[in-house]
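The next block holds one structure in the form of structure tokens; read it before the comments.
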Amino acid sequence: MPVRALWIFGHKQGQHGAVKFSRRYPTVEKRAKAFNKAGYVGIPEDDHLLKSLLLELGLNDESRNFVEYRDSCSRISKTNVHTVSVSEGKLWPVLAIQNADFIYACLPLVEQTLEPPPPLMSINSISEAFSLLSGIMLFIHFGQNTEADVSSKLTQLHALITQACPLGSPIDANLIALQEAIGGLSAYQTHKSPAWRTSRQKGKPQIEVHITEKVKSTLYDKGDDSDMWQVCGTVTCKCNLEAITPNVIVGLSLPANGSPLQDILVHPCVTSVDSSMLISSSVAIADDSAFNGPYKFPLVPPLESFHLCYYTSQVPVPPILGFYQLIEDGCQIQISVKLKLHESVKNVFDHCEAHIPFFNKGHIKHFEYKVSYGQLELSREKSRLVWAIGQKFPKSLEISLSGTVTFSSEEHPDDPVDPICVGNTAYVKLSFRILDYTLTGCYADQHSIQVFSSTKPKILTSRELISSEYYIWNSKAPAPIVWRSFFA
């Protein structure tokens, strides 16, 4: 989604502001007139806009006085999104972010009428504009922040923005990578390239698509405390193509029993997507918001590796069900852990471990245990047991551990402490990784990736499932509650 203009204003406390960078897009401005109709407000000169923006942000001398529309209690402030009063009327939505001695501003294109003002959530260009401003800020403040260094980066910014935001359409927010690509170009290149893509890929044409799903879980094994779990996915791509302006379609697929992808957030290089895909939300009251695909992402890929999209999903069950009991008796603790791998999960692990930490109890002096599978070890700091399960669960898919842990009565300054895990409040944390598998079933294959180019690139796809914040709390003691059911 395009932007109408970009600015960087310099502003120091007690001084007048100055225009450090300005970029306007006349073609996008024509589209704004067509879309916004009677609500269209033209962009004033940079100096006039700066003065109005400083007044809106309360950063000039006049801002010391009370301004009704800005300072009254009736105003609902939306973070970083402002309405700027200019000579022609109200300019909205102006994104403005203060960082150090600069104000980074952007005016996204709203592809609808502005009267009445549409909800911010319905304006797709808002998120892309934020991403572009974040990339510019990261580039300006990366490395040494000397005055000469910042001045040099501001000079380079015109060429970088031409590539990152051609004709006003953001396609790449990583300006640091673009700078490195431009710096590596030969001065004697003879190929013809558009102004926004001055570099070409080297080596054999290849496309890599990698899906990483992280599963979070909090298990209590209690009737009144609901177990919680969720999957968060990231699709990473790297397109090494010889075409000057490569057009690619990356498709993601689900099996018949796969869990729908929700809360999808796409990279700015994606040119268009099905609106049903974006509105599928995990917090929707109705279940009909689920979008089962196909998930197709047309894009003009940037030069470096990038995150094509993020998503969440509510899978029916967690991959590993857990049960943990801890009972304290003086300097000794009785523990019991049971784990069960769900039958639908691929039983081939890259690694699988259960970490059993003990806080506020001192060092472990002695421990006796009985384990049905795997090996149990004491950590180097003598405050945690590590149950190395290995690369497979047994055929029964169930394993157990029980034992007695004795702690030293002597206190040491390096004894681990935790403000939550006091008394019998304790947890087991699982750490595992499964290659070539996702919990939702999401996958990408060669047939789902289309490349509109004269060359046929090699396509590599991979996926993995990783545990993240996977906790099993002691069912015999209080625990931090994420959600409590009132119907249990």
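The values are calculated or read from the model by the stated rules, or taken from the named source; none is laboratory data. What you see is a predicted model; the values in this text were computed from it and never measured. Glycine gets a Cβ as well: all are built from the backbone with ideal geometry, and neighbour counts include every protein chain shown. Surface areas here come from the heavy atoms of the whole protein model, side chains and all, with no ligands, DNA or RNA. Shrake-Rupley method; radii C 1.70, N 1.55, O 1.52, S 1.80 Å.
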Review point. Between their Cα atoms, which of K216/K296; K238/K382; K214/K296; K222/K382 are more than 32 Å away from each other?
Key: K238/K382
Practice item. Figure the gain on full extension for F323 and A388 (residue separation times 0.36 nm, minus the Cα-Cα span) and round it to one decimal in nm. Key: 21.7 nm
Check your understanding: Going 7 Å from the Cα of Q15 toward and past its Cβ, which residues in the stretch 140-176 have a backbone nitrogen under 13 Å from where you end up?
Key -> 147-148, 151
Check your understanding: Do the sum for the chain: with -39,500 (n - 2.57) for every DSSP H run of n ≥ 4, divided by all residues, what is the mean residue ellipticity at 222 nm, to the nearest 500 deg cm²/dmol?
Key -> -4500 deg cm²/dmol
Exercise for review: For the chain, with all protein chains present and a 1.4 Å probe, just round the carbon and sulfur fraction of the accessible area to a whole percent.
Suggested key: 53
Practice item. Treating only the Cβ atoms of Lys and Arg (+1) and Asp and Glu (-1) as charged, compute the dipole magnitude of the stretch 20-62 about its Cα centre; round to the nearest 20 debye. Key: 500
Practice item. Please give the per residue accessible area of the stretch 218-271, computed with a probe of 1.4 Å over protein heavy atoms only, in Å². Key: 36
**Study point:** Extension reserve of the N145-C331 stretch, reckoned as 0.36 nm per residue once the Cα distance is removed
**Key:** 61.5 nm
**Study point:** Point-to-point label distance, K37-K346, nm (Cα→Cβ direction, 7 Å offset)
**Key:** 5.3
Check your understanding: Using the heavy atoms of the protein chains alone and a 1.4 angstrom probe, what is the accessible area of the stretch 377-488 per residue in square angstrom?
Key -> 58
**Study point:** Folded to 0 to 90 degrees: helix 26-36 orientation relative to the chain principal axis, Cα
**Key:** 80
Practice item. Can you tell me the relative contact order of the stretch 240-350? Whole percent, Cα pairs under 8 Å, sequence separation 6 or more. Key: 27
Review point. What is the magnitude of the charge dipole of the chain about its Cα centre, with +1 placed on the Cβ of each Lys and Arg, -1 on the Cβ of each Asp and Glu, and no other charges, expressed in debye to the nearest 20?
Key: 1300
Review point. So how many Å³ per residue does the convex hull of the Cα atoms of the chain work out to?
Key: 226
Check your understanding: Using θ = phi - 60° and the Karplus form 6.51 cos²θ - 1.76 cosθ + 1.60, what ³J(HN,Hα) does each residue of the stretch 257-270 get, whole Hz, x for Gly and Pro?
Key -> 9, x, 8, x, 8, 9, 6, 6, 10, 9, 6, x, 6, 6
Point to revise | Relative contact order computed over the stretch 342-488 (Cα-Cα under 8 Å; 6+ residues apart), in percent | key: 28
Practice item. Starting from the stretch 326-382, pick out the chymotrypsin sites (Phe, Trp or Tyr not before Pro) whose DSSP state is loop and whose Cβ has at most 13 other Cβ atoms within 10 Å. Key: none
Practice item. Mind jotting down the distance between the C-alpha centroids of the stretch 1-59 and the stretch 114-160, whole Å? Key: 13
